[in-house]
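Engineer: Right, I'll just put the structure down here and ask away after.
The values are calculated or read from the model by the stated rules, or taken from the named source; none is laboratory data. These numbers were taken from a predicted model, which means no experiment stands behind them. Neighbour counts run over all protein chains shown; Cβ positions are idealised from the backbone, glycine included. All accessible areas refer to the heavy atoms of the entire protein, side chains included, with ligands and DNA or RNA removed. Shrake-Rupley method; radii C 1.70, N 1.55, O 1.52, S 1.80 Å.
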Amino acid sequence: MNSTGRNGPGRPPRLSRERIADAALQGDVTTLTMRELATRLGVAHSSLYRWVPDRDGVLDLVSEVMVGRVLPEDEPDAATWLDWLERLAWAMHDEFLAVPGYAAHVARPHRHHLASFERLHGKAVAAFRAGGADTRQAEQNWSVFGLGVVRWLAAAGSAPAEPPFGLYLGTLLRGLPRHDEGHRPGA
């Protein structure tokens with residue numbers, strides 16, 4: 001690399017993982033095609049395949065970006081765990097609804113980008129653990145919280161959802177136990 005930041009003579013690269021993800025986020029991800037994405041980027045369709053193997057690879061890039069945008073930077077602890085989860089949910093609300101089709105895409109069964117999903121999952125479970133849940137309960141809370149928030153957002157992406165998100169989120173978080181109170185086998 002020379003002093004101008006280029007890899008050699010000529011133009012700097014027109015594509016990067018970041019540019020591809022940004023372009024993918026500029027429209028409805030449920031209908032995104034590689035050709036449409038190439039058009040948005042002003043490159044040949046075949047150029048994309050040097051950076052991503054297929055449409056799923058593009059959606060993996062989008063997942064990386066979205067998880068980075070929604071995760072609070074601080075770590076949840078016993079004093080902040082509930083606030084941390086609320087900030088996470090509101091960030092998901094704002095970011096997922098800003099991209100047409102993204103919440104619906106995430107709500108449908110699909111192959112998750114493992115590294116992004118594990119980052120989100122691990123931090124959310126840590127928040128529930130900080131709030132007093134044991135490991136099993138924290139995992140169950142994550143399932144209810146994650147599915148609940150994403151499904152509400154998917155519904156809101158196609159029409160105004162009721163109840164309002166703040167009311168829904170407050171009810172959801174109040175209803176999640178902090179420890180395994182009253183667990184009945186088989187329940």
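Engineer: Name every residue in the stretch 30-54 that is under 21 Å from the mean Cα position of the chain (by Cα) and at pLDDT below 90, in order of residue number.
Structural biologist: Within the stretch 30-54, just THR30 meets the criteria.
Engineer: Only one of ALA161, ALA155, ALA127, ALA138 is more than 13 Å from the chain's Cα centre (by Cα) and outside any helix (DSSP H, G or I); which?
Structural biologist: Unique residue meeting the criteria: ALA161.
Engineer: Report whether or not THR31 is open to solvent by 60 Å² or more (accessible area, probe 1.4 Å), out of contact with any helix residue (DSSP H, G or I) (no Cβ under 9 Å at 6 or more places or on another chain), of a type outside the set (D, E, K, R) and over 20 Å from TYR168 (Cα atoms).
Structural biologist: The answer is yes for THR31.
Engineer: Please verify whether ALA23 is farther than 19 Å from HIS110 by Cβ, in a helix (DSSP H, G or I), without any contact (Cβ under 8 Å) to a residue 12 or more places away in the chain and not charged (D, E, K, R), treating the condition exactly as stated.
Structural biologist: Judged against the criteria, ALA23 is not a match.
Engineer: Next question. Looking at (1) closer than 14 Å to TRP84 by Cα; (2) out of contact with any Lys or Arg (no Cβ under 6 Å at 6 or more places or on another chain); (3) open to solvent by less than 60 Å² (accessible area, probe 1.4 Å), find the lone condition where ARG129 falls short.
Structural biologist: Here ARG129 clears every test but (3).
Engineer: Looking at the stretch 112-127, can you tell me whether even one residue there is small (Gly, Ala, Ser) and under 26 Å from GLU162 (Cβ atoms)?
Structural biologist: Within the stretch 112-127 (the criterion being small (Gly, Ala, Ser) and under 26 Å from GLU162 (Cβ atoms)), the answer is yes, since at least one residue qualifies.
Engineer: Taking helices (runs of 4 or more DSSP H) that do not extend beyond the stretch 39-112, which have at least 3 residues that are surrounded by 15 or more Cβ atoms within 10 Å (Cβ to Cβ)?
Structural biologist: By residue number, 55-70, 81-98, 102-107.
Engineer: Just the residues that are surrounded by 14 or more Cβ atoms within 10 Å (Cβ to Cβ) and either farther than 18 Å from LEU71 by Cα or not aromatic (Phe, Trp, Tyr) (or both), please, taken from the stretch 113-126.
Structural biologist: Once the filter is applied, which keeps residues that are surrounded by 14 or more Cβ atoms within 10 Å (Cβ to Cβ) and either farther than 18 Å from LEU71 by Cα or not aromatic (Phe, Trp, Tyr) (or both), the stretch 113-126 yields HIS113, SER116, ARG119, LEU120, HIS121, LYS123, ALA124, VAL125, ALA126.
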